[in-house]
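*Asks:* The structure follows.
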Amino acid sequence: MMLNIVEKEAVILIEVKEERLDAHNSGELKSQMLSLFEEGKNNIVVALHDVRFVDSSGLGALVSGFKNASARNGNLKLCGLQTQVKSMFELTRLHRVFEIFPDTAEALASF
């Protein structure tokens, strides 16, 4: 899985550089986020600008990251959802759980 990970002050930005976030690659995202949490980096933005499809495994990885962040008094926020991905979040009502921003700058500024 192609991930671009950048530290912006006290926030970690993870850019998912894949068209799909699914059963084949979501485990990598989940384990990468867990490693960051274990290092004490509890505020994360996941940028999904390039992602055109998310399945239940992809959603599960993001929910897992959200729970881990919350348990450590941190936060996991999302940005750059394409129309199909945004529809999946609305269908599963996860848009009520996550803070979702249109772009990376707004997501980073929200911390």
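*Asks:* Please list the non-local residues whose amide H lies under 5 Å from the amide H of E99, H modeled 1.01 Å from N, same-chain partners needing a gap of 5 or more.
*Replies:* L78
*Asks:* Also: If the viscosity is 1.002 mPa s and the temperature 20 °C, what Stokes-Einstein diffusion coefficient in µm²/s follows for region 3-109 when Rh is the Kirkwood radius over Cα pairs? It would help to have the intermediate numbers written out before the result.
*Replies:* On the way: Rh = 13.4 Å.
Diffusion coefficient, whole number: 160 µm²/s.
*Asks:* Could you run the Karplus curve 6.51 cos²θ - 1.76 cosθ + 1.60 with θ = phi - 60° over region 54-68 and give me ³J(HN,Hα) per residue in whole Hz, x for Gly and Pro?
*Replies:* After applying 6.51 cos²θ - 1.76 cosθ + 1.60, I find 10, 9, 4, 5, x, 4, x, 5, 5, 5, 4, x, 4, 5, 4 Hz.
*Asks:* OK, next. Tell me, how many Å apart are the Cα centres for region 3-65 and for region 76-111?
*Replies:* 13
*Asks:* For K41, give me every one of the aspartates and glutamates with a C-alpha distance below 15 angstrom, ignoring sequence neighbours fewer than eight places off in its own chain.
*Replies:* E7, E9
*Asks:* Against the longest principal axis of the chain, how steep is helix 26-38, in degrees 0 to 90 to the nearest 10, with axes from Cα atoms?
*Replies:* Its long axis makes an angle of about 20 degrees.
*Asks:* Moving to a separate point now. Using a probe radius of 1.4 Å on heavy atoms only, what accessible surface per residue do you get for the chain? Whole Å² is fine.
*Replies:* Working: 5920 Å² over 111 residues.
With the other protein chains kept in place, the chain gives 53 Å² per residue.
The values are calculated or read from the model by the stated rules, or taken from the named source; none is laboratory data. What you see is a predicted model; the values in this text were computed from it and never measured. Please note that ligands, DNA and RNA were not included when accessible areas were found on the heavy atoms of the full protein model with its side chains. Shrake-Rupley method; radii C 1.70, N 1.55, O 1.52, S 1.80 Å.
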